[in-house]
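Engineer: Structure provided below as structure tokens; questions to follow.
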Amino acid sequence: AVVRSVRLDHVRRLKTLEGTLAELRSQAGGVGDALLRVVVAVPARAGLADDVRELLPNAVDVRIAAPAVADDAVPSRTGFTPHELFAAYLSAEGVDDERVTRLFASLLDETWESHLPPPRQSWESHLPPPRQSGESHLPPPRRSA
């Protein structure tokens, strides 16, 4: 590697902007030629960074503001379908994009069609029949000879 000196004739500042898309739009006129770190306070969705860069062409770093963390315990999701589990995940992550949900459904359906049993087949259908009253769930004791 060759090291050489380069004279800087112009310096650009790094500025951080935070807010919703509407708030960022109102701040866009006052940024000059500064390089921008942008923290967007909206639910995540596909193409959001592109929208921010269209609004603020000097944006070099686009981040989604972290959703508020709830102190509540996570409810049980026992018995949820894969679609319901994915919807709960997206909600917890603050993602609100119908295209992602449709893509997940399409990929899941494709997987079920090619590899797994039909989606409405209950896992309970693979269990042995219920025991009759008084039956033990343990195997019969071994008899010694």
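Engineer: For segment 44-64, give me each residue that is closer than 21 Å to Arg99 by Cα, open to solvent by 60 Å² or more (accessible area, probe 1.4 Å) and in contact with a strand residue (DSSP E or B) (Cβ under 6 Å, 6 or more places away or on another chain).
Structural biologist: Arg53, Arg63, Ile64
Engineer: Which of the residues spanning segment 3-19 are open to solvent by 30 Å² or more (accessible area, probe 1.4 Å) and hydrophobic (A, V, I, L, M, F, W, C)? Lay out the reasoning, then the answer.
Structural biologist: So the first thing to find is which residues in segment 3-19 are open to solvent by 30 Å² or more (accessible area, probe 1.4 Å), and the list is 3-16, 18.
Once the filter is applied, which keeps residues that are open to solvent by 30 Å² or more (accessible area, probe 1.4 Å) and hydrophobic (A, V, I, L, M, F, W, C), segment 3-19 yields Val3, Val6, Leu8, Val11, Leu14.
Engineer: Report yes if some residue within segment 82-98 is among the small types (Gly, Ala, Ser), exposed (fewer than 12 other Cβ atoms within 10 Å of the Cβ) and modelled with pLDDT under 90; otherwise report no.
Structural biologist: Narrowing segment 82-98 to residues among the small types (Gly, Ala, Ser): 87-88, 91-92, 94.
Of the ones still in play, those that are also exposed (fewer than 12 other Cβ atoms within 10 Å of the Cβ) are none.
No, segment 82-98 contains no residue that is among the small types (Gly, Ala, Ser), exposed (fewer than 12 other Cβ atoms within 10 Å of the Cβ) and modelled with pLDDT under 90.
Engineer: Which number in (1) among the aliphatic types (A, V, I, L, M); (2) surrounded by 15 or more Cβ atoms within 10 Å (Cβ to Cβ); (3) not in a strand (DSSP E or B) marks the one condition that Ala22 misses?
Structural biologist: Result: Ala22 passes all but (2).
Engineer: Scan segment 36-50 and tell me whether some residue there is modelled with pLDDT under 85 and over 27 Å from Leu17 (Cα atoms).
Structural biologist: For segment 36-50, residues modelled with pLDDT under 85 and over 27 Å from Leu17 (Cα atoms): absent.
Engineer: Under 6 Å between Cβ atoms, at least 6 apart or on separate chains: pull out the pairs that start in segment 101-124 with a residue that is at pLDDT 85 or above and end on any residue that is open to solvent by less than 70 Å² (accessible area, probe 1.4 Å) and not basic (Lys, Arg).
Structural biologist: Phe104/Phe86; Leu108/Pro82
The values are calculated or read from the model by the stated rules, or taken from the named source; none is laboratory data. All of these numbers come straight from a predicted model, not from anything done at the bench. In this analysis, Cβ positions are derived from the backbone assuming ideal geometry, glycine residues included, and neighbour counts consider all displayed protein chains. Quick note on the areas: whole protein, heavy atoms, side chains included, nothing else; ligands and nucleic acids left out. Shrake-Rupley method; radii C 1.70, N 1.55, O 1.52, S 1.80 Å.
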